[in-house]
Structure formats: C-alpha cells, structure tokens
There are 2 protein chains.
Amino acid sequence: MTSNNNTACLDEAKRVAIFGGTHGNEMSGVTLVNLWMKNGSEIQRKQVKTKAFITNPKAVEKCTRYVDTDLNRAFTPENLSAPGGHDLPYEVQRAQEINKMFGPKGSPEAYDVIFDLHNTTSNMGCTLILENSKDHFNLQMMNYIKKAITPASCLVLLNEHPLLKYSTSRSVAKHPVGLEVGPQPQGVLRSNIFEAMRDILKHALDFIELFNEGIEFPPCKVEVFRLLERVDYPRDANGNIIAMVHPNLQDGDWEPLNPGDPMFQTFDGNTIPYQGFGTVYPTFINEAAYYEKQQAFVTTRRETLVASAIRKA
Amino acid sequence: MTSNNNTACLDEAKRVAIFGGTHGNEMSGVTLVNLWMKNGSEIQRKQVKTKAFITNPKAVEKCTRYVDTDLNRAFTPENLSAPGGHDLPYEVQRAQEINKMFGPKGSPEAYDVIFDLHNTTSNMGCTLILENSKDHFNLQMMNYIKKAITPASCLVLLNEHPLLKYSTSRSVAKHPVGLEVGPQPQGVLRSNIFEAMRDILKHALDFIELFNEGIEFPPCKVEVFRLLERVDYPRDANGNIIAMVHPNLQDGDWEPLNPGDPMFQTFDGNTIPYQGFGTVYPTFINEAAYYEKQQAFVTTRRETLVASAIRKA
C-alpha cells in the first residue's frame, strides 16, 4: 500500500475466491458455491477472476459441521506447517491443501480476496465479518455493500480480539471476508437467506470490479460491532447447562443489552440478568454450533471506523 | 375395551413413559427428559407411574439425529426379532432393548402410554401425532390437551397412511403419542419451544390422572390433519435439488395450499406451483432431517374425528 494525497493506492484485486462448505451443514453457502462451480457466469467480472470452491467436501457430503475438527479454526501456523500427511486430522490436511491453492497465508502469492460463506441459527441477518480494522479495502467494500443493499441491512462484526480471533479458512487471503447470514437451521436451505447471501456477493464483486477499473473511493465511515467477550451458558458443577437464553434475549441479536436485562432463564423459571458495566450489543445468540464451544452469545461494542480513500495503484 | 351405554371402558393407564432423544439433536425433549430423570416430581401423579427415558444416548452424546440408522423408523417386526446382537446397527440393538423394557410391542405387557418428544425445524407449532384414528383414549387426551392449553394451540397430525406410516419408538406402547414442537434448529434449545412442550406434557399427565381416578370423558369431536402424501424437492437427473421451498410456502405449515399456489422456487428464479386437485394443508415444510428422506413437505387433509365417551373399566 502506498499513499498519495491521503488516498491509499492498493494492488489490484484480480484473484478472488468464494468458499462454501467450510461448515458442511450451512446450506446457503454450500448451495451457492455448488451452483457457481457448475456455471460461474453470475460471479464473473471483466477485471476479476473468481473461483468458487467447496472447502470441506467430506463435511458437505455428511451434512455435518466438520469431520475431525473445525476447519474454520484450523488455519494456524502450527497446522499449516505440521508434518504427518494423511495421518493428520482431515481438516488439517484440508487446511494445508487450501493454503497451497489459495495462499500461502501471509505471502505475496496469496489470493487477494476470499469470501467465506456461512449460515447461523442466530437471528443475525446479514453480517460481514472483518478481521482487521485497518483493512481499508475491506472497509470500503463493506461500506459499498451496505449502501448498495439499502433498504435491506447488513452489519459488520469486527473480530480482532487478541484471544477470541481465530484462524479462519478465509485468513489465507490478503483481504478475508466472512459472510454470515441467518437465521437458518443447520441442514436447511431457506430461500430468503439464500437470496440475501447471493445479493451481497453480487455487490461485493461489483465493488471489486469498480476498484480494478480504477475508480477512486472517497474516505468513508463504517459502523462496526467490535467483538468484546464470549458468554457461556450457566452450568452446574458437572458442566451441564442449567439455563436457556432468556426469551427477551433470544433473537435479539444486535439489540442493546443493558445491565439488569434478562439474559438467561433457568429450567426452574428464574431469570439471570446481564451484569456487565454498560450497554453491549450481543450477537451469535444461541448459535447451534457454539454449544460445544461453551458460548451462548458474544458481546460487542458499537464503533465507527474511518476508511481512507482508496484506488488501484 | 368393553362398551357400556356407548361409553368405552378402557384399562387404566398406569405405566407411562416419556421418551426424549429418539433423535439426539432435538434438544427440548432431550433436555426435559434429562431434567426429569434427575428430578421426576413434575411428572409424577398419584395414579400414574411415569418413567422418563433417553432412547438414543449415543446420538444425544454426539448431538446428531442417529448413529447408524433412524431409531424412529427402527421398530419393525423384522428389526425387533433380528438375531445378531452386537453386530446389528446400534439403533436396531437399541430398539430391541427398548422393546424389552417398554413392550413387547403389541403385547398385554406393553406400557400403556409412551410420549415421544420431538422437535422440528418446520414452523409447525405444537403438534400431537396420532397413529390410529380409532384410539379413543388418545383422541380424548388430545381433545383435553387442546382445550387445556387454550388460547395457545396444538394441532393433531394423524399418520395412519398405509405406506407413509413408520415404525416409531413410541409404537411399543398401547397408546403411542408423538409430540413435535417447532420451529427449533437442530442442536439448539429455545426457551419458548421448551416451555410449550413442558406445558403439553403437564396436561397430558393430568388427563391420565383424571382418567385413572375414574372420571368419565363424554364423546367429543377432534379436528385432525390426515397425512396424504409426501412431496420431494425438484431434482435434476443426478438427484441434485434444483429448487427451494418457495418463500410463500416457507413457514406456512397448516395453511391451505391450493392448486396454482407457489410451491418451489428454482435457483434461477422460476416458480413451480402446486398442481394437486384440491386444497391441502402442508406441514413438515423444509424440515432439516427430511432432505435425506427426499421430502420437502407432506400434505394433509382436515378431518373431524369423533371420540367415544371413555372411562376406566
């Protein structure tokens, strides 16, 4: 990146991938990517080479999140350099293959942009996941998408938390973009969720095309929700869950949660209130896949980020 | 059953079981039964002996529908009498064990009532599943429950279709009662669904208690939805799904579907209308577990059944 009159001059984004099936039971991404692998006309742009790719085909075949371990946590330096070949867990082998095809992660040869398509059982609507608050290319893209889909809405979750950030499949790219759309049960394809995801991808690719054509994007502000902490279900001494997400909180993703607000409801009918110090914005509320990760929801804080003007170098 | 002045005199219903975890990822039933196995005071009645039981513990542990084969299709005469012991599929072994504990199916020693607790990703609300339109005990119980939970509602699905009826876990009992509550994603526990299920069980057990105490229940009419046929997703020559449930039909369980109404939406945006001969009432619309069973939804017909007066013999 070079800077020119406060405009960041960035490399062209010629090589773009769209990942589906990182979790094999999140059906909108799986279905879209399968469609686009058969017929890619919808995702082609003149100035962009886009590759649709199923990242975890064994999990897709079984319609399960993963086979041995969560692929979307598997792109650690340790895994990517682990010896062992076919003795490694399936998803670690797969992470190494993907890193060879689309990376290597952190190298100049890596793909420019990877979109990774996810669904959630939470009532999150359309959510773009940003991994770096200084990624002006992604911030500009997200700003573009938010405007393009109006009056529909699309929020931005920023995960650069030192402990909670994880090693995603998309992290192989220079500009990793997570797209999480819900609510959709695992193993189910809902037309509204499918079409919302498809629409966002269309605008994302349009943005990249415009950028590659040399359009300058002026500075802009982007509202993001910064990941703060994870909240587990209340448990007994044996680790068994003893309360559910409270009905007032259920489906209330992105709505303010204030100290004293109901958070959990025990099986004998008692309410456990939120006891933080100020207003937070919960999300990933009651996501099916996060029971095993000891997470009932995460809290976030609203922030406004400023994206520099950008254009192609 | 004997008849006395048009009142059916039925055996007491002393032995009652509540099954959870027949599908290990349907969390309301799993959670309720686990709770009640620890503390059964909520499900005890003076005149009833109620046993809460997890039917498929391995599937519950893995939070998956089943391990080898669907337990809720496994209670066939062939399976229940199959030799092979530990070489049989896990769920067939388990069906044999359950049949020994709660049956034998079709014998005088069988349990009187088994409630089997299920969740669905479909927008079915509370649904009682009846396997026999001549089961006056169950019809009276369902009538009692429907009245007791007013203004909440609870519909009755009648499955005595010669081809589509299947060999359920609960079929071991003299009076099998399925309870299906949704929408709830697999692997998720929603407080509203959990509490609705719990409330229905309370009233069901109250009914049995009253019956065992000698109360006579007068004749009544019960509206049921009789299972007619299953409808698969449109597929290509390779068996791949090429359309989704249409947004107009999605979540419209129990609403009338008329010839010409939108039924599916292809991935390229075309609408496929329903082409039956008259009004039907679809349900189990877009249930996650039925993709593998080639079923997008089932159709039903509304009927009114008459239940005889009943009392304890």
Which number in (1) surrounded by 20 or more Cβ atoms within 10 Å (Cβ to Cβ); (2) under 16 Å from the mean Cα position of the chain (by Cα); (3) farther than 21 Å from B:Ile310 by Cα marks the one condition that B:Arg198 misses?
(1)
Can you pull out the residues in region B:1-49 that are surrounded by 15 or more Cβ atoms within 10 Å (Cβ to Cβ), at negative phi and small (Gly, Ala, Ser)?
B:Ala8, B:Ala13, B:Ala17, B:Gly20, B:Gly24, B:Ser28, B:Gly29
Which members of region B:68-98 meet the condition of being on the phi < 0 side of the Ramachandran plot and either surrounded by fewer than 17 Cβ atoms within 10 Å (Cβ to Cβ) or touching a Pro at 6+ places or on another chain (Cβ under 7 Å) (or both)?
B:Asp68, B:Thr69, B:Arg73, B:Thr76, B:Pro77, B:Glu78, B:Ser81, B:Ala82, B:Pro83, B:His86, B:Asp87, B:Glu97
For region B:157-189 the number of residues that are under 29 Å from A:Ala288 (Cβ atoms) and either within 12 Å of chain A (Cβ to nearest Cβ) or hydrophobic (A, V, I, L, M, F, W, C) (or both) is 13
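Suppose we keep only residues that are over 20 Å from B:Leu158 (Cα atoms) and not aliphatic (A, V, I, L, M) within region B:215-231. Which one would you say is surrounded by the fewest Cβ atoms within 10 Å (Cβ to Cβ)?
Of the residues in region B:215-231, the ones over 20 Å from B:Leu158 (Cα atoms) are B:215-218.
Keeping just the survivors that are not aliphatic (A, V, I, L, M) gives B:216-218.
Working: B:Glu216: 13, B:Phe217: 22, B:Pro218: 11.
Step by step, filter region B:215-231, then rank; the result is B:Pro218.
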Within region B:236-282, residues among the β-branched types (Val, Ile, Thr), touching a residue at least 24 places away in the same chain (Cβ under 8 Å) and under 23 Å from B:Thr127 (Cβ atoms) come out as B:Val245, B:Val280
Those residues of region A:101-120 which are in contact with a Phe, Trp or Tyr (Cβ under 9 Å, 6 or more places away or on another chain) and crowded, with 24+ Cβ neighbours inside 10 Å, in sequence order
A:Val113, A:Ile114, A:Phe115, A:Asp116, A:Leu117, A:Thr120
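Does B:Leu71 satisfy being among the aliphatic types (A, V, I, L, M) and under 17 Å from B:Met27 (Cβ atoms)?
Working: among the aliphatic types (A, V, I, L, M): yes; under 17 Å from B:Met27 (Cβ atoms): yes.
In short, yes.
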So which of A:Asn248, A:Asn192, A:Asn238, A:Asn212 is out of contact with any Phe, Trp or Tyr (no Cβ under 8 Å at 6 or more places or on another chain), surrounded by fewer than 20 Cβ atoms within 10 Å (Cβ to Cβ), within 14 Å of chain B (Cβ to nearest Cβ) and outside any loop (DSSP other than H, G, I, E, B)?
A:Asn192
How many residues are within 10 Å of chain A (Cβ to nearest Cβ) and under 25 Å from the mean Cα position of the chain (by Cα) when one looks only at region B:251-272?
1
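To keep it simple, each residue is scored yes or no on (1) over 18 Å from A:Arg198 (Cβ atoms); (2) aromatic (Phe, Trp, Tyr).
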residue	(1), (2)
A:Met101	yes, no
A:Asp112	yes, no
A:Phe115	no, yes
A:Asn132	yes, no
A:Asn143	yes, no
A:Lys146	no, no
A:Leu158	yes, no
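Using the structure shown, decide if A:Glu292 is acidic (Asp, Glu) and assigned to a strand (DSSP E or B).
Numbers: acidic (Asp, Glu): yes; assigned to a strand (DSSP E or B): no.
Answer is no for this residue.
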Any residue that is under 16 Å from the mean Cα position of the chain (by Cα) and either closer than 30 Å to B:Thr64 by Cβ or not charged (D, E, K, R) (or both) - is there at least one of those in region B:207-223?
no
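Tell me the residue from A:Arg226, A:Arg198, A:Arg230, A:Arg235 that is in contact with an Asp or Glu (Cβ under 7 Å, 6 or more places away or on another chain) and modelled with pLDDT of 95 or more, please.
A:Arg226
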Any idea which residue in region B:273-293 is nearest to the chain's Cα centre (by Cα), counting only those that are more than 14 Å from chain A (Cβ to nearest Cβ) and surrounded by 13 or more Cβ atoms within 10 Å (Cβ to Cβ)?
B:Thr283
What's the number of the only condition in (1) within 9 Å of chain B (Cβ to nearest Cβ); (2) closer than 27 Å to A:Glu303 by Cβ; (3) of a type outside the set (Lys, Arg); (4) part of a helix (DSSP H, G or I) that A:Ile200 fails to meet?
(1)
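For the subset of region A:217-235 comprising residues that are over 23 Å from A:Arg302 (Cα atoms) and assigned to a strand (DSSP E or B), which member is nearest to the other protein chains (Cβ to nearest Cβ)? Don't jump to the end; show me each part of the working.
Filtering region A:217-235 down to residues over 23 Å from A:Arg302 (Cα atoms) leaves A:217, A:233-235.
Filter once more, so that each one left must be assigned to a strand (DSSP E or B): A:217, A:235.
Working: A:Phe217: 31, A:Arg235: 13 Å.
Checked region A:217-235; the qualifying residue nearest to the other protein chains (Cβ to nearest Cβ) is A:Arg235.
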With criteria (1) touching a helix residue (DSSP H, G or I) at 6+ places or on another chain (Cβ under 6 Å); (2) closer than 25 Å to B:Gly187 by Cβ, B:Thr127 comes up short on (1)
Pairs please, first residue from region A:50-67 and at positive phi, second anywhere and of a type outside the set (A, V, I, L, M, F, W, C) and surrounded by 20 or more Cβ atoms within 10 Å (Cβ to Cβ), Cβ atoms under 7 Å, 6+ apart in sequence or on different chains.
A:Cys63/A:Gly24; A:Cys63/A:Asn25; A:Cys63/A:Gly187
Could you check region B:36-49 and list, in sequence order, the residues that are in contact with a strand residue (DSSP E or B) (Cβ under 8 Å, 6 or more places away or on another chain) and free of Cβ contacts under 8 Å to residues at least 40 places away in the same chain?
B:Trp36, B:Met37, B:Gly40, B:Gln44, B:Lys49
Residue ID - surrounded by the fewest Cβ atoms within 10 Å (Cβ to Cβ), chosen from residues in region A:137-181 that are in a helix (DSSP H, G or I) and among the hydrophobic types (A, V, I, L, M, F, W, C)
A:Ala148
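The values are calculated or read from the model by the stated rules, or taken from the named source; none is laboratory data. All figures in this text were calculated on a predicted structure; none of them were measured in a lab. For neighbour counting, all protein chains shown are included, and Cβ atoms are generated from backbone atoms with ideal geometry for every residue, glycine included.
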